[in-house]
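The values are calculated or read from the model by the stated rules, or taken from the named source; none is laboratory data. What you see is a predicted model, and the numbers here were worked out from it, not measured in a lab. Backbone-built Cβ (ideal geometry, glycine too); neighbour counts: all protein chains shown. What goes into the accessible areas is simple: the full protein's heavy atoms, side chains included, and nothing from ligands, DNA or RNA. Shrake-Rupley method; radii C 1.70, N 1.55, O 1.52, S 1.80 Å.
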Amino acid sequence: MQRYLGLDFGGTKLAAGLADESGRLLAFGRCPTDPAAGPDGAIAALRRLVETFPTSDGAPTASGVSFGGPVDPVCRRTLLSHHGPGWEEFALVDRVEEIWRSPAKMENDANAAALGECRYGAGRGYRHVLYLTVSTGIGAGIVIDGELYRGARGLSGELGHTIVMPGGPRCPCGKRGCLEAVASGPSIARAYAEKIGSNEGSVSAEDVFRRAGAGEARASEILEQAIELLGIGLANAINLLDPDVVVIGGGVARAGEALFKPLRGVVRSVCSPSPPDAVSILSAAFDDRGGVMGAIALVAPRPGQQPTLPS
Ligand SMILES: [Zn+2]
């Protein structure tokens, strides 16, 4: 029986799963990580987690890695982590191959999650899938004809750093008015805190959704603006790519219809030529398992294909 190991190296949490060739999970686990412990600490924690899996018949067929940060264009090394030291030019794929004695592949987390949703999740059955994560940051993964589109330098999908409000709030990347600076979870929370004259950090985006749901006008206004700008950024990407379906994951997407309903309305009014309901905008199927399912999708056979070893 073919077994595929999926490893999710997030900034503050780690997860691993083992799946069969159809992507069905046989085991899954999560553990915290100390970002200061660097790659060695994270790898050791994942090794302990995987040891609890029922892998009595030896090494997995292949291992996939989802990494929460930029990776080099050939996806063998991590370039850096925004959460802790030690990930600069780190040969993570070599280490994983050595430890689990099988071939490995890696992608950044948005790309991996996009492929996971396309193969096994909300985008299953579609050829062209645009995946968006709206969380601490905003990132995208683009699947064209069932395969990831990485761009010339592996930098595709930086939708979070497209400008939707020239001169707007400062983004962590240094520019002003990026989509991430106006519609990510922390951006929504910050805008609301400013509006009510409260300290930054005293409320979360989740609180803003809750207060808007309870009828608080100021919270509704903040959300309306953030969702409008998110819709504009998304509509721009839809106009460019013409995907079959858009799948949205990440912490902010947990708000559910409070986000999706107005977002669909904005996209419908902004998209040109207006595709009435041609592009479905769906919630991701895998919440905190998205990284692991994406990692498995990197190495497991495409549904309908015979299992083969990755080259
Ligand atoms: Zn930016």
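Please give the helix 257-270 orientation as an angle from the longest Cα principal axis of the chain, in degrees from 0 to 90, rounded to the nearest 10.
70 degrees
Mind checking which lysines have their C-alpha under 27 Å from LYS175, skipping anything on the same chain fewer than 8 residues away?
Within reach: LYS195.
Cβ neighbours within 10 Å, averaged per peptide: list 251-264, 284-297 in order, most packed at the top.
Working: 251-264: 17.6, 284-297: 25.4.
Going by the mean number of other Cβ atoms within 10 Å, highest first, we get 284-297, 251-264.
Any chance you could list P(r) for the range 159-306, counting all Cα-Cα pairs in 5 angstrom bins from zero, rounded to whole %?
Reading the bins upward from 0: 2, 9, 16, 19, 19, 16, 10, 5, 2, 1, 0, 0.
Can you show me the helix-derived [θ] at 222 nm for the chain, built from DSSP H runs with n ≥ 4 at -39,500 (n - 2.57) apiece and divided by the number of residues, rounded to the nearest 500.
Details: 9 runs with 110 residues, N = 311.
Result for the chain: -11000 deg cm²/dmol, rounded to the nearest 500.
Could you run the Debye sum over the Cα atoms of the chain, one equal point scatterer each and no solvent, and tell me log10 of I(q)/I(0) at q = 0.06, 0.09, 0.12 Å⁻¹, two decimals?
Each listed q corresponds, in turn, to -0.20, -0.45, -0.79.
With the convex hull built on the Cα atoms of the range 1-48, state its orientation-averaged projected area in nm².
Values: hull surface 13.3 nm².
Hull-based average projected area comes out at 3.3 nm².
Multiply the residue gap between LYS261 and SER220 by 0.36 nm, knock off their C-alpha separation, and tell me the result in nm, one decimal place. All intermediate terms of the calculation are to be shown ahead of the outcome.
Working: separation 41, 0.36 × 41 = 14.76 nm, distance 1.38 nm.
Between LYS261 and SER220, full extension yields an extra 13.4 nm.
If the reach is capped at under 22 angstrom between alpha carbons, list the lysines near LYS105, excluding any in the same chain fewer than eight residues apart.
Qualifying lysines at Cα under 22 Å: LYS13.
Rounded to the nearest 5, what % of the DSSP beta bridges within the chain are antiparallel ones?
Numbers: 25 of 45 bridges.
Approximately 55 percent, going by the DSSP bridge assignments.
With every protein chain kept in place and ligands, DNA and RNA left out, what is the accessible area per residue of the chain? Probe 1.4 Å, answer in Å².
Details: 14210 Å² over 311 residues.
I get 46 Å² per residue for the chain.
Pick from ARG268, ARG153, ARG176: which is most flexible by mean-square fluctuation in a GNM of the chain where alpha carbon atoms under 10 Å apart are linked?
Answer for the Gaussian network model of the chain: ARG153.
Take the range 11-152, compute every pairwise Cα distance, and split them into 10 Å bins from 0; I just need the percent in each bin.
11, 39, 39, 11, 0
Hey, any idea what % of the chain's accessible area is carbon plus sulfur with a 1.4 Å probe?
Details: 7050 of 14210 Å².
That share works out to 50 percent.
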